[in-house]
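Read-outs throughout are calculated quantities, based only on the coordinates presented, and are distinct from any laboratory measurement. Note that this is a predicted model, so its numbers are computed, not measured. Every residue, glycine as well, gets a Cβ built from its backbone with ideal geometry; the counts of neighbours run over all protein chains shown.
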């Protein structure tokens, strides 16, 4: 597996990963609103790193650079728990240093994932998708 910068040739694969991951993760949201085209719209203007295995995109992280903010981190359900998300996150950390993100309160698996990698909950807010934590890295490894 390798981590590389985004190239448009991977847009279709990443669109599929994004749609599949959100549909299987956010079961409390109305997934009929999720569309294949959301990936390109939702990551516009962001820096994207992707995990590639056998020339197939299996996950990505997108960063809003001005704030060093992780906007998206998604891995194909087939590769969950195999270190892909950790590798993407550590690659982003090596480029940007201390990162922040928001994580929905109901997404307990993701909260645990981030906490195990040095993120702490800084504040709690609400938006149209529900309650979320603003999380920041507490230390750099």
**Prompt:** Computed FRET efficiency, Cβ-Cβ of residue 105 and residue 77, R0 22 Å: what is it to the nearest 0.05?
**Reply:** 0.50
**Asked** If we count other beta carbons within 10 Å of each Cβ, what is the order of 25, 77, fewest first?
**Response** 77, 25
**Message:** For a quick check: sort 112, 117, 22 by the number of other beta carbons within 10 angstrom, fewest at the front.
**Reply:** 112, 117, 22
**Request:** Figure the gain on full extension for residue 134 and residue 12 (residue separation times 0.36 nm, minus the Cα-Cα span) and round it to one decimal in nm.
**Result:** 40.9 nm
**Item:** Alpha-carbon centroids, segment 112-132 and segment 79-99: separation in whole Å
**Value:** 17 Å
**Request:** Fewest Cβ neighbours within 10 Å first, please rank 64, 28 accordingly.
**Result:** 28, 64
**Prompt:** Full extension from residue 121 to residue 54: what is 0.36 nm times the residue separation minus their Cα-Cα distance, to one decimal in nm?
**Reply:** 20.5 nm
